[in-house]
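The values are calculated or read from the model by the stated rules, or taken from the named source; none is laboratory data. Keep in mind that what you see is a predicted model, and the values were worked out from it rather than measured. Cβ: placed from backbone, ideal geometry, glycine included. Neighbour counts: every protein chain shown. Protein only, heavy atoms only, side chains kept; ligands, DNA and RNA dropped before computing areas. Shrake-Rupley method; radii C 1.70, N 1.55, O 1.52, S 1.80 Å.
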Amino acid sequence: MINIANNLFRIIERLRVYEQKYGRKPGSVSLLAVSKHQAFEKMLDAFNAGQLAFGENYLQEALMKIAAFAEYDSANTIEWHFIGPIQRNKTRKIAEHFSWVHSVDDITIAKRLNEQRPLHLPPLSICLQVNLSHEMSKSGIEASDIFSLAKYCASLPQLRLRGLMTVPAPELEFAKQRQAFHQLFLLWQALRDQGIDLDSLSMGMSDDVEAAVAEGATMVRIGRAIFGSRG
Ligand SMILES: *Cc1c(COP(=O)(O)O)cnc(C)c1O
């Protein structure tokens, strides 16, 4: 049987080792547990082991899990992150139920999230998803369009622009994994040089986490290495 607490512990241990190896500040990389298509019981194991940040890709599934957690997390300590593609008609529920959205890649989506974020909640933290490998996926904005979207998002009162996110094409070679993440890091630096205040770089998954930490990730999004393969 898969031991979630042990997997979590080992991933966190690896993050601390990589931080040291690549001269990153101790504790500067946080762990988002990606629980899409994973059983609620496994998430509960992770929660009981101390994990409080969960990432979900599909709204209906996420809303069911958020509701199911209510009785276990009465103090509302869990931070929910939406990391999947966003359809326009889903923005209201996302704005109401999540603390973070990593996959903003379009001005209309940003505008709707800002308008629909309830005023009694803190501004919604967002990352802009960048498409670095053009041929792979349709998600993410092209690097050349990032400046105008970032400036627009930074001006919206109910959004808090935190950083950039990417899902690069899978690469087995460590040097190639680093290359893609380095591109995102440079883009992030360029935005900061323009005076846009960013503190987050959301990159790295189960198979490329070391490369991401080496290139400056502040948040890695890990699914299978914690929960096992998805059902
Ligand atoms: C599924 C997913 C992850 C986690 O991937 P693993 O390979 O299971 O670690 C991270 N980010 C996004 C956007 C995902 O869709």
The rounded separation in angstrom of the Cα centers of the range 156-208 and the range 113-128 is 21 Å
Taking the Cβ of Phe9 as the centre, find all other residues whose Cβ is under 13 Å away and add up their charges (Lys, Arg: +1; Asp, Glu: -1).
-> +1
Going through the range 80-184, which GluC sites (Glu not before Pro) have at most 14 other Cβ atoms within 10 Å and a DSSP loop state?
-> Glu135, Glu173
Which of Ser35, Ser74, Ser99 is most accessible, then next, and so on - probe 1.4 Å = Ser74, Ser99, Ser35
Long-range amide H partners of Ile141 with built H, under 5 Å = Gln129, Val130, Asn131
CD proxy, 222 nm, the chain: helix-only mean residue ellipticity via -39,500 (n - 2.57) per DSSP H run with n ≥ 4, per residue, nearest 500, stands at -12000 deg cm²/dmol
Of the residues Asn114, Asn131, Asn76, which exhibits the maximal mean-square fluctuation in a Gaussian network model of the chain defined by a 10 Å Cα contact cut-off?
-> Asn76
What residues qualify as long-range amide H neighbours of Arg160, i.e. H under 5 Å apart, gap of 5 or more or another chain, H built at 1.01 Å from N?
-> Leu124, Ser125, Ile126
For a quick protection proxy, order the peptides 198-211, 3-16 by their average other-Cβ count within 10 Å, most packed first.
-> 198-211, 3-16
Residue-ordered couplings for the range 109-114, obtained by feeding phi - 60° into the Karplus form 6.51 cos²θ - 1.76 cosθ + 1.60 and rounding to whole Hz (Gly and Pro as x), are 4, 4, 4, 5, 4, 5
For the range 153-163, just list the computed ³J(HN,Hα) in residue order, Karplus coefficients 6.51, -1.76 and 1.60, θ = phi - 60°, integers in Hz, with x standing in for Gly and Pro.
-> 4, 5, 8, 8, x, 9, 10, 10, 6, 9, x
Given a 1.4 Å probe, how much area per residue of the chain is accessible, in Å²?
-> 49 Å²
For the range 190-199, in order, what is each residue's ³J(HN,Hα) by Karplus, 6.51 cos²θ - 1.76 cosθ + 1.60 with θ = phi - 60°, in whole Hz (x at glycine and Pro)?
-> 4, 5, 5, 4, 7, x, 8, 7, 10, 10
Report the Stokes-Einstein translational diffusion coefficient (µm² s⁻¹, integer) for the range 31-71, Rh taken as the Kirkwood radius over Cα pairs, at 37 °C with viscosity 0.692 mPa s.
-> 320 µm²/s
Using unit Cβ charges (K, R positive; D, E negative) and no other charged atoms, how large, in debye to the nearest 20, is the dipole of the range 69-176 about its Cα centre?
-> 440 debye
Evaluated at 25 °C and 0.890 mPa s, the Stokes-Einstein D of the chain based on the Kirkwood radius over Cα pairs, in µm²/s, stands at 137 µm²/s
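Below 8 Å, C-alpha to C-alpha, sequence gap of six or more: please give me the relative contact order for the chain in percent.
Taking the mean separation of contacting Cα pairs over the length of the chain, I get 22 percent.
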Choice from Lys90, Lys25, Lys176 with maximal GNM fluctuation in the chain (Cα, 10 Å cutoff) | Lys25
Express the carbon and sulfur contribution to the solvent-accessible surface of the range 74-186 as a percent, rounded to the nearest whole number, probe 1.4 angstrom.
-> 53 percent
Residue farthest toward the positive end of the dipole of the range 4-222, with Cβ of Lys/Arg at +1 and Asp/Glu at -1: which of Ala68, Ala33, Asn89?
-> Asn89
